Amino acid sequence: MRMKATATAMALALMATGMPAFADIEAAKAFLDAEIGDLSSLSRAEQEAEMQWFIDAAKPYAGMEIKVVSETIDTHSYESKVLAPAFTAITGIKVTHDLIGEGDVVEKLQTQMQTGENIYDGYINDSDLIGTHWRYQQARNLTDWMAGDGAAVTNPGLDLADFIGIKFTTGPDGKLYQLPDQQFANLYWFRYDWFNDQKTKDDFKAKYGYDLGVPVNWSAYEDIAEFFTGRDMSYMGGPTSVYGNMDYGKKDPSLGWRYTDAWMSMAGMGDKGEPNGLPVDEWGVRVDENSRPVGSCVARGGATNDAAAVYAVTKAIEWLQKYAPPEAQGMTFSEAGPVPAQGAIAQQMFWYTAFTAASVAPGTPVMNEDGTPKWRMAPSPHGAYWSEGTKIGYQDAGSWTLMQSTPVDRAQAAWLYAQFVTSKTVDVKKAHVGLTFIRESTIQHESFTERAPKLGGLVEFYRSPARVQWSPTGTNIPDYPKLAQLWWQNIGDAMSGAKTPQEALDSLCAEQEKVLIRLEKSGVQGDLGPKMNEEKDPQEWLDAPGAPVAKLENEKPQGETIAYDELIKSWQ
């Protein structure tokens, strides 16, 4: 026993320094004892068997040093600081897991694609790039990889069917291009305590004629925003003046995500379809029957500048100016995210669940003394142009990507690490740290049943059928890095008042089409690249079924709400 304890202590010390240990089961046991415990969907015997597989598979790569990269969020910080040293101790493969900004990850990936230089051996980049990876074929398709060069280093316990985001990372060719590592959704956030207060409910009903509750449509969201803005909530221990909306408006790359990440489709822009609208998607880009982009502007059958898109941008700006704190107009995504937890915000339509961890911190104004939140999350409401079957929300899926330009042996070692940090052995614990679910077995784990009351509806959402309507950018987008940068610049012009929403979206769709036309002329994407429609009278497209759509006579139908507790019942 004394020898075993010493070996355990030695392994843990080596793990802490990130130096290769002796790569045997003792290092794995030390890791399981110190870090995992019961927080795994596998039994202890199954965990040890999975770790033994990693030890054996990694032997040809012992002593190799590899570099991988991801954006900086809690989940990836945990991987970089805890799981990478553990993997090194267990396998003898030295991993450096860099954490950089999301935009920087895309830039490094783009540079590797353009130059062929192997900057990183593995990338965790958003599945928003699935259309890019499928068309350029510069990322290894993992389906063929696992059957070929990656066969000997593919975990027999990987269990792809257990990953809830696999459809997001699969191309139209049916091949898997990326392996999900973390996922988070954008949902509606609201003060459950305020919404359930009898005086507040009575005051709302007296003014608007219907019950205060989770808004089903944008009309109700607007009414609730108006109702709470300036309201004195001090009788419930809140501020003497609160705000009915939270958002951000700084001309910054994150302003683009606000709109490409499903704000337009939530308004009703785009066609029906899961996981993304077809033929017109949540960016307003239309594709033909062969998944080739054919247009973005209404004149080519796109919807980026149609009435639903204009309505979406108009409402966002109006609500930001009328119902949000004045400083929100100068904030970015990361600056705005934690603001609701400060206690003066009644609701936010579009709130990323990546901020859940910050919003359940003990002692914040939005937490009860017993550790339960005063807030809840629910599905976001939909706009006046929305119809059943249209996308209703965005889900971020940061996913492992292996580039073709990475040497085979380095890609094999990186693939082992990617599988380690997403393995059933570690995933439940990782999910408790970052609250970014990727596996069904993790979502259903009893530890999350116990923790659910303290997470404001997050677990209930991920256990519900509702989650399938939330998806990342789909395959209609042929070059995410080039097209994404157009959004924040043009939306920024509308935010600042330099252009009307219509003018800004006319400019945006025209600039998107310039990129699509260049891609078509260059031929770099071959038969998968754009094949642009000829322009014609926009009315012909507006008269045809589906997207794009003409302006509605009434963009504010009667507000509709649902009681949160009834909503939760419908999920179960």
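Pairing each residue of region 289-313 that is at pLDDT 95 or above with any residue that is aromatic (Phe, Trp, Tyr), provided the two are 6+ apart or on different chains, yields C-beta distances under 7 Å for Val298/Trp541; Gly301/Trp541; Thr304/Trp283; Ala308/Tyr385; Tyr311/Tyr385; Ala312/Trp263. The single condition from (1) closer than 19 Å to Ala267 by Cα; (2) in contact with a Leu (Cβ under 9 Å, 6 or more places away or on another chain); (3) of a type in the set (D, E, K, R) that Asp479 fails is (1). Tell me, yes or no, whether region 305-318 has at least one residue that is in a helix (DSSP H, G or I) and of a type in the set (Asp, Glu). Checking region 305-318: at least one residue is in a helix (DSSP H, G or I) and of a type in the set (Asp, Glu).
Condition check: among the β-branched types (Val, Ile, Thr), buried (at least 17 other Cβ atoms within 10 Å of the Cβ), part of a loop (DSSP other than H, G, I, E, B) and at negative phi. Does Val524 satisfy that?
no
Restricting the search to region 198-215, which residues are surrounded by fewer than 18 Cβ atoms within 10 Å (Cβ to Cβ) and either touching a helix residue (DSSP H, G or I) at 6+ places or on another chain (Cβ under 9 Å) or not small (Gly, Ala, Ser) (or both)? So that I can check it myself, show each step before the final result.
Residues of region 198-215 surrounded by fewer than 18 Cβ atoms within 10 Å (Cβ to Cβ): 198-199, 201-203, 205-207, 209-211.
If the condition is that a residue be surrounded by fewer than 18 Cβ atoms within 10 Å (Cβ to Cβ) and either touching a helix residue (DSSP H, G or I) at 6+ places or on another chain (Cβ under 9 Å) or not small (Gly, Ala, Ser) (or both), then Gln198, Lys199, Lys201, Asp202, Asp203, Lys205, Lys207, Tyr210, Asp211 are the ones that fit.
Counting only helices (runs of 4 or more DSSP H) that sit completely within region 331-442, those holding 1 or more residues that are basic (Lys, Arg) correspond to 408-421, 424-434.
Which ones in region 228-255 are small (Gly, Ala, Ser), assigned to a loop (DSSP other than H, G, I, E, B) and crowded, with 16+ Cβ neighbours inside 10 Å? Give the steps one after another, and end with the answer.
Step one: filter region 228-255 for residues small (Gly, Ala, Ser), giving 230, 234, 237-238, 241, 244, 249, 254.
Still in the running and assigned to a loop (DSSP other than H, G, I, E, B): 230, 237-238, 241, 244, 249.
The answer is Gly238, Gly244, Gly249.
None of Leu519, Leu542 is among the hydrophobic types (A, V, I, L, M, F, W, C), modelled with pLDDT of 95 or more, closer than 27 Å to Ser291 by Cβ and touching a Gly at 6+ places or on another chain (Cβ under 7 Å) except Leu519. When Asn186, Asn125 are screened for being under 26 Å from Ile477 (Cα atoms), in a strand (DSSP E or B) and touching a Gly at 6+ places or on another chain (Cβ under 6 Å), only Asn186 passes. Taken as a whole, region 256-267 holds no residue that is surrounded by fewer than 20 Cβ atoms within 10 Å (Cβ to Cβ), out of contact with any helix residue (DSSP H, G or I) (no Cβ under 8 Å at 6 or more places or on another chain) and more than 20 Å from Gly546 (Cα to Cα).
In region 511-556, of all residues being among the polar types (S, T, N, Q) and in contact (Cβ under 8 Å) with a residue 24 or more places away in the chain, the one that is nearest to Gly284 (Cα to Cα) corresponds to Gln512.
Before we move on, is Thr115 of a type in the set (S, T, N, Q) and modelled with pLDDT of 95 or more? Let's see the steps before the verdict.
Numbers: of a type in the set (S, T, N, Q): yes; modelled with pLDDT of 95 or more: yes.
Criteria met by Thr115.
For the condition within 18 Å of Gln178 (Cβ to Cβ), modelled with pLDDT of 95 or more, outside any strand (DSSP E or B) and not polar (S, T, N, Q), what is the one hit in His97, His133? When all the criteria are applied, what remains is His133. Of Arg451, Arg467, all but one fail to be charged (D, E, K, R), modelled with pLDDT under 95 and outside any loop (DSSP other than H, G, I, E, B); the exception is Arg467.
Conditions (1) part of a helix (DSSP H, G or I); (2) under 24 Å from Leu176 (Cα atoms), marked per residue:
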{"site": "Asp56", "(1), (2)": "yes, no"}
{"site": "Lys59", "(1), (2)": "yes, no"}
{"site": "Thr75", "(1), (2)": "yes, yes"}
{"site": "Lys81", "(1), (2)": "yes, no"}
{"site": "Phe87", "(1), (2)": "yes, no"}
{"site": "Tyr120", "(1), (2)": "no, yes"}
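Of the candidates Ala308, Ala312, Ala378, the single residue that is of a type in the set (Gly, Ala, Ser) and over 22 Å from Gly474 (Cα atoms) is Ala378.
Reported count of residues in region 189-227, each being part of a loop (DSSP other than H, G, I, E, B) and more than 23 Å from Thr364 (Cα to Cα), is 6.
Here Arg286 fulfils each of the conditions (1) touching a strand residue (DSSP E or B) at 6+ places or on another chain (Cβ under 7 Å); (2) modelled with pLDDT under 95 apart from (2).
Taking the condition surrounded by fewer than 16 Cβ atoms within 10 Å (Cβ to Cβ) and among the polar types (S, T, N, Q), does Gln182 pass? Can you show your working first?
Numbers: surrounded by fewer than 16 Cβ atoms within 10 Å (Cβ to Cβ): no; among the polar types (S, T, N, Q): yes.
Taking the combined requirement at face value, the residue does not satisfy it.
The values are calculated or read from the model by the stated rules, or taken from the named source; none is laboratory data. Remember, predicted model here, so these are calculated numbers, not experimental data. Counting neighbours? That spans all protein chains shown, and the Cβs are built from the backbone with ideal geometry, glycine included.
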